[in-house]
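Take a look at the structure below.
The values are calculated or read from the model by the stated rules, or taken from the named source; none is laboratory data. These numbers were taken from a predicted model, which means no experiment stands behind them. Here Cβ is always computed from backbone atoms with ideal geometry, including for glycine, and neighbour counts include all displayed protein chains.
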Amino acid sequence: MDACVDFVQSPVTDMVLNIFERLDDPADLVRASVVSHYWRDFVIANGLSKQLCVEFYPQLANVERVTESNSQTITLNHAGASNSMEWDILERNHKVYASLSQVLTKLISSPVECIAEAFSASSTDNYPDESIVNTLDPRDRFALRASYWSSKGHKDPSVPETLIYKLKADFCVITEIDIQPFEAFFQPGDPIYSAKSVRFRMGHPKSPTDIEDDLSYLPLQQPADDKFIWTYTSEEFAMTQENRLQHFKFSQPALCIGGFLQIELLGRVQQQEMDGLLYICVSHVKVMGRPLSPAFHVEILEPSGKFLLKYCPHALQHTLQSEEPELAPMPIIATEDVFWGRVGLLQYLVGGNQEADGPFDLDDEENEMDQFVL
């Protein structure tokens, strides 16, 4: 036994590295790193925790550096930086990526709804009645009216449409996206306005300031693709012309770095009888996954497009909780058109077939409005 030598101390480093790289489970790599000081140092020195993360989530290759709360960011700015500082960076990277692997492995088994709000639709046929905001409600009818988003009509079946949503965190893992095409139960034959196929992109704004300004208003009713940098693009999924929630599951969970998701609706299949044009209509959208906050956040480093990965170890257990986080409140559509449209509907329901005839004194109608929620 005295003659035995730990194989990690072998001079044939490539062989040792090849063995460690065959550990494709983050938990196994963590276990290996606590076998001995030699094993731990080998795992850290070769950046194996980061390497495994990047293998599963290629977008992480764009991490320029990592930081940990309550500690100083370490950056090497010159060739003469000390070996000690280099080792501190490697140790920190190992800790952050090992923790990230743990979080990702656990959270993908218990996905929850991740949409925070609707950002834009490339077109809307009848705004605001057919706004993208309607897709956040699982009901296809609200207060006796159909609830859905509709594109504008086109003669060309190849014209695509896009819907963009802001997610609940700037750093999320997404496992599945569900879309329900809308069935027009009020039209002859109950046509279903699905797309032929869908594709998904995830990424971050080119200018966070511009996006903040846009988010302070209602969803945009025009293409907004030029406002974003997409760091992930999925395969194309076929959509069926059926009135049901259709599940599009990723073969490998995807990271949304920057907090925005785009749904590309490709190909039109349903023609509207009254005008002969082709439309795409969506009743409901769900994005399933988990926010990685508060343990992890990202900061985009302009103009390189790379990002800073921030780790808050004191929040790790909170992020790992399996319970579903409290859902964000449904957004309120506070435009004058929607307001008066629903006031008219309220008057119809409580007072007979009457039309709202313009602005009225809110003080005089306070009691009625207390019973009505936008």
Working only within region 97-112, note down all residues that are under 19 Å from Val43 (Cβ atoms), of a type in the set (Ser, Thr, Tyr) and surrounded by fewer than 18 Cβ atoms within 10 Å (Cβ to Cβ).
Thr105
Return yes when Ser123 is surrounded by fewer than 21 Cβ atoms within 10 Å (Cβ to Cβ), over 30 Å from Gln51 (Cβ atoms) and of a type in the set (Ser, Thr, Tyr) and no when it is not.
yes
Only listed residue being more than 15 Å from the chain's Cα centre (by Cα), surrounded by fewer than 23 Cβ atoms within 10 Å (Cβ to Cβ) and not assigned by TED's automatic domain parsing to the domain that holds Trp230, chosen from Leu301, Leu266
Leu301
Output for region 104-155, where each listed residue is hydrophobic (A, V, I, L, M, F, W, C) and in contact with a His (Cβ under 9 Å, 6 or more places away or on another chain):
Leu136
Kindly evaluate Ile211 against the criterion of being in the same structural domain as Ser122 (by TED's automatic domain parsing) and under 16 Å from the mean Cα position of the chain (by Cα).
yes
If I filter region 48-84 down to residues being at pLDDT below 90 and surrounded by 12 or more Cβ atoms within 10 Å (Cβ to Cβ), which single residue comes out as farthest from Ile108 (Cα to Cα)?
Ala81
Within region 213-228, tally of residues that are modelled with pLDDT under 75 and aliphatic (A, V, I, L, M)
1
State whether the residues of region 133-156 include one that is buried (at least 22 other Cβ atoms within 10 Å of the Cβ), assigned by TED's automatic domain parsing to the domain that holds Ile257 and out of contact with any strand residue (DSSP E or B) (no Cβ under 6 Å at 6 or more places or on another chain).
no
Looking for something within 18 Å of the chain's Cα centre (by Cα) and of a type in the set (Val, Ile, Thr) - is there at least one such residue anywhere in region 112-125?
yes
Those residues of region 204-239 which are among the polar types (S, T, N, Q) and surrounded by 15 or more Cβ atoms within 10 Å (Cβ to Cβ) amount to Gln221, Thr231, Ser234
Answer from Glu55, Glu64 - the residue that is among the acidic types (Asp, Glu), in the same structural domain as His94 (by TED's automatic domain parsing) and not in a helix (DSSP H, G or I)
Glu64
